[in-house]
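Have a look at the structure below before the remarks.
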Amino acid sequence: MTMQFNDETFRDDYTYRNSPEAIRRFPFPFDQDSYMYSVNLEPHAGGREGTPFNKRFDVDEHYVSEMRDRAITLADDPLRCQSLPHMELAGWDFLELVMDSKAEDYPDLFSLTKDGDRWHWVNRPLGIEQRFTFLDPTTLPCGPLEYITRQTQGDHALLDQREGNLWMDAGMVTSQADWSLDFDVGMNFFEWHAPVPKAHEMGIFQRALKFLLALPLSKPSRRLNWTLTVNPRLDTSPENYHKWGPEKRTVTPENVGAKQHLRVELQTLWRLPRSNAIAFPIRGYLASMEDLTTLPKWGRRLHRVLRDLPDELADYKGFTVNRPMIVDYLSKFDDGVPTSAGIYPDETGL
Amino acid sequence: MTSQMLRVAEVEVLTPLVKRFRFEHPEGKTLPLFSGGAHVVVEMEDGETLRRNAYSLISDPQDGSGYEIAVRREDRGRGGSRFMHTKVSEGDPLRVNAPVNLFALDLRARKHVLIAGGIGITPFLAQLRQLTRLQLPFELHYAARSRAEAAGLKLLPQAPMIQVHLSEEGNRLDPGAILAHQPLGTHVYTCGPEGLIVGVEDAAQRLNWPKDVFHSEAFLSPPPGKPFTVTLTRSGLTLTVAPNQSLLEALEAAKVEIPWSCRGGACGRCETEVRSCKGRIAHHDHWLEDAEKSAQTKIMPCVSRFEGEELLLDR
């Protein structure tokens, strides 16, 4: 099957749209009618055909436009991509991981040919062809991390492992849920998670760190995280809060279904072989309330989750101001019928 | 645990006590690459007993065609190295776990100084290939008693930044002299007998090196000891740990689920809560804090033992 790529925007006129197929495959994050933090890690070892869990690095209809949006953000603010000097090897590790995975998983879209260290990479959707020497940064137009993440959906952090901790020492972050790489770069695991409410007292970060320090080679893990975003905007960064923060006030009972989006992150964790660092891709998916309520199970469940969410979490996720309007809109899709277990909608073949 | 069956492709006698083993995939597939300092756990089926020993990888981390280790025969050990020396030959299948690195290079260093004693040379053999490939400044010092015992001599390249110290030839390694004139931003790594590690750490402290530029890996294998009895609260079992068996091995033999990785008291994976302890735990690990050790509320079953009336564990 040849993939069709949308021509759409994630700012200004917001022409981003999900096809019915993209809605059906959306990684709905709630497996029950309520939500609380957990270390919900599972092996990232495939998943149902057609879902975003199936391939190592999911490529979907938004790929080309997302990469165009990343280029705009980077042109305005080059510090969205940073790599401390000791992280270059991890950047090469990650470049290899992505190129190998994409060329194997999407042979009609990407190809990689290796002749020793002399590699030939073809990215058909973006029209890129590059011959370069692996581990020689002078043969690429930019550093290896920037090079490959300009061609890979989602934000990406590279975590150095030392002193029994993880350090966010490199990354490409242009589509984040209100956090800043420029602020967090160089921080350790506890420092960059400091703003998260409740989870510290629950001991979640100690347990998660212990798990991550022992993350084995060739056995990636994944988890889902979520937030709400007004408008299908990728760059919801603190740096540009003045551009997107006020948009929260444009939501009305009439437009909430179209404007209010659920933003889901498919986070994966990979031990990198040469550097012993960990790659942390954070792949975002956006769907409007209108999109999601086309599937009755999701409409019912989303209403119950958002209605019953503890206030601190709604505050942290930044939607307290519009919560009554959102819950009121969703209540129309909740007839009180029990929902089935698991995240998948009842109506599709997924 | 991720493990695969590999084939012993080469066995080489390096010295009377040390053999080199090379493992390859039976169908010639590429193995995952790794970073210098990583180890693998090799599984040995020795009659009724399943032994799992950790060995540093000594081969080129960028070469996935095979993994190599060097094993020193410890006649007073629990039997793993003796098994490798006497029962393993070319062509044999052997289960090998995926590499894990608990002794990685800190790539922020401006220079890397590697100090090895005896069989402690093994992690550095892979690290020096990584450093060479990355073109990072380093020096390596290798101490051994005599030329005949120095297994590393056959494995080390000739290079000006590699220095061999043979005490029998009057060229004893002096950590203070090595560290005294290093540039700012140097990291030092040491692996070998306890005495060497303490010597290097002392020298670094005397010279006011920052704590986090000192890295060490004690080559720890579970020490044998007197048998002892342990009771498991969750599985309701009472087990006896034999003199040549570790507590972890006794748990595994009884089919009790327990996570593990390094099996040498360093990684923390098998940490277990102590519910009751009437007696004294012999803590041999490098994982628990001193306060945790003296409180006797936690134990690392991979290396630690017990003497006394009653030990109740949350397993």
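Below is a table of values for the structure above.
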read-out	value
Contacts under 7 angstrom Cβ, first residue in region A:51-63 being touching a residue at least 60 places away in the same chain (Cβ under 8 Å), partner of a type in the set (Ser, Thr, Tyr), 6 or more apart	A:Pro52/A:Tyr285; A:Arg56/A:Ser101; A:Phe57/A:Ser101; A:Phe57/A:Thr152; A:Val59/A:Tyr106
Within region B:1-11, tally of residues that are surrounded by 14 or more Cβ atoms within 10 Å (Cβ to Cβ) and more than 14 Å from every other protein chain (Cβ to nearest Cβ)	5
Test: residue in region A:200-209 that is within 14 Å of another protein chain (Cβ to nearest Cβ), out of contact with any Pro (no Cβ under 7 Å at 6 or more places or on another chain) and open to solvent by 40 Å² or more (accessible area, probe 1.4 Å)	yes
Region B:20-51: number of residues that are more than 14 Å from chain A (Cβ to nearest Cβ) and in contact with a helix residue (DSSP H, G or I) (Cβ under 6 Å, 6 or more places away or on another chain)	3
Selection count, region B:52-75, where residues are free of Cβ contacts under 8 Å to residues at least 40 places away in the same chain and more than 14 Å from chain A (Cβ to nearest Cβ)	1
Failed item, numbered, when A:Ala75 is tested on (1) in contact with a strand residue (DSSP E or B) (Cβ under 9 Å, 6 or more places away or on another chain); (2) surrounded by fewer than 18 Cβ atoms within 10 Å (Cβ to Cβ); (3) at negative phi	(1)
When residues of region B:253-276 are limited to those that are at pLDDT 90 or above and open to solvent by less than 40 Å² (accessible area, probe 1.4 Å), the one nearest to A:Glu163 (Cα to Cα)	B:Cys270
Tally, over region A:210-240, of residues that are among the basic types (Lys, Arg), part of a loop (DSSP other than H, G, I, E, B) and either without any contact (Cβ under 8 Å) to a residue 24 or more places away in the chain or open to solvent by less than 20 Å² (accessible area, probe 1.4 Å) (or both)	1
Residue within region B:150-163 that is within 28 Å of B:Gly268 (Cβ to Cβ) and open to solvent by 20 Å² or more (accessible area, probe 1.4 Å) present	no
Subset of region A:168-199 that is in a strand (DSSP E or B) and either of a type in the set (S, T, N, Q) or modelled with pLDDT of 95 or more (or both) - its residue that is most open to solvent (accessible area, probe 1.4 Å)	A:Asn188
Cross-chain or 6+ apart pairs with Cβ under 9 Å, region B:130-147 first and within 14 Å of chain A (Cβ to nearest Cβ) and within 17 Å of B:Ser59 (Cβ to Cβ), then assigned to a strand (DSSP E or B) and not polar (S, T, N, Q)	B:Leu131/B:His112; B:Leu131/B:Leu114; B:Leu131/B:Phe138; B:Leu131/B:Leu140; B:Thr132/B:Phe138
Criterion: loosely packed, with under 13 Cβ neighbours inside 10 Å, out of contact with any Ser or Thr (no Cβ under 8 Å at 6 or more places or on another chain), small (Gly, Ala, Ser) and closer than 26 Å to A:Leu217 by Cβ - qualifying residue of A:Ser34, A:Ser38, A:Ser111	A:Ser38
Strands (runs of 3 or more DSSP E) contained in region A:103-167 and holding at least 2 residues more than 14 Å from chain B (Cβ to nearest Cβ) and touching a residue at least 24 places away in the same chain (Cβ under 8 Å)	A:155-162
Residue in region B:34-42 that is over 28 Å from B:Val188 (Cβ atoms) and either open to solvent by 40 Å² or more (accessible area, probe 1.4 Å) or assigned to a loop (DSSP other than H, G, I, E, B) (or both) present	no
Condition check for B:Leu232: among the hydrophobic types (A, V, I, L, M, F, W, C) and over 16 Å from B:His141 (Cβ atoms)	yes
Subset of region A:74-94 [away from every other protein chain (no Cβ under 14 Å), assigned to a helix (DSSP H, G or I) and closer than 20 Å to A:Leu158 by Cα]	A:Leu74, A:Pro78, A:Leu79, A:Arg80
Matching option when the condition is at pLDDT 95 or above and either of a type outside the set (Ser, Thr, Tyr) or open to solvent by 60 Å² or more (accessible area, probe 1.4 Å) (or both), among B:Asp46, B:Asp63	B:Asp63
Tally of residues being free of Cβ contacts under 8 Å to residues at least 60 places away in the same chain, open to solvent by 40 Å² or more (accessible area, probe 1.4 Å) and touching a strand residue (DSSP E or B) at 6+ places or on another chain (Cβ under 9 Å) across region B:83-99	1
Scan of region B:100-117 for residues that are facing another protein chain (nearest Cβ under 7 Å) and either open to solvent by 10 Å² or more (accessible area, probe 1.4 Å) or of a type in the set (Lys, Arg) (or both), ordered by number	B:Val100, B:Asn101, B:Ala104, B:Leu107, B:Arg108
Boolean, A:Arg70 is buried (at least 23 other Cβ atoms within 10 Å of the Cβ) and under 28 Å from A:Ile343 (Cβ atoms)	yes
Selection within region A:274-295 - within 14 Å of chain B (Cβ to nearest Cβ) and either at positive phi or touching a Ser or Thr at 6+ places or on another chain (Cβ under 7 Å) (or both)	A:Arg274, A:Ser275, A:Asn276
Identity of the residue in region A:41-59, touching a Phe, Trp or Tyr at 6+ places or on another chain (Cβ under 8 Å) and open to solvent by 30 Å² or more (accessible area, probe 1.4 Å), that ends up modelled with the highest pLDDT	A:Lys55
Hey, A:Ser83 touching a residue at least 12 places away in the same chain (Cβ under 8 Å), within 18 Å of A:Val173 (Cβ to Cβ), surrounded by 14 or more Cβ atoms within 10 Å (Cβ to Cβ) and of a type in the set (S, T, N, Q) or not	yes
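Residue-by-condition table, conditions (1) under 20 Å from the mean Cα position of the chain (by Cα); (2) free of Cβ contacts under 8 Å to residues at least 60 places away in the same chain:
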position	(1), (2)
B:Glu201	yes, yes
B:Asn208	no, yes
B:Thr229	no, no
B:Thr233	no, no
B:Leu239	no, yes
B:Ala250	no, yes
B:Lys255	no, yes
B:Arg263	yes, no
B:Cys267	yes, no
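Per-residue answers, yes or no, for (1) open to solvent by less than 20 Å² (accessible area, probe 1.4 Å); (2) polar (S, T, N, Q):
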| residue | (1), (2) |
| --- | --- |
| B:Lys211 | no, no |
| B:Ser216 | no, yes |
| B:Thr229 | no, yes |
| B:Val241 | yes, no |
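The values are calculated or read from the model by the stated rules, or taken from the named source; none is laboratory data. Keep in mind the model is a prediction, meaning the values are calculated, not measured. All Cβ positions, glycine included, derive from the backbone under ideal geometry; neighbour counts span all protein chains shown. What goes into the accessible areas is simple: the full protein's heavy atoms, side chains included, and nothing from ligands, DNA or RNA. Shrake-Rupley method; radii C 1.70, N 1.55, O 1.52, S 1.80 Å.
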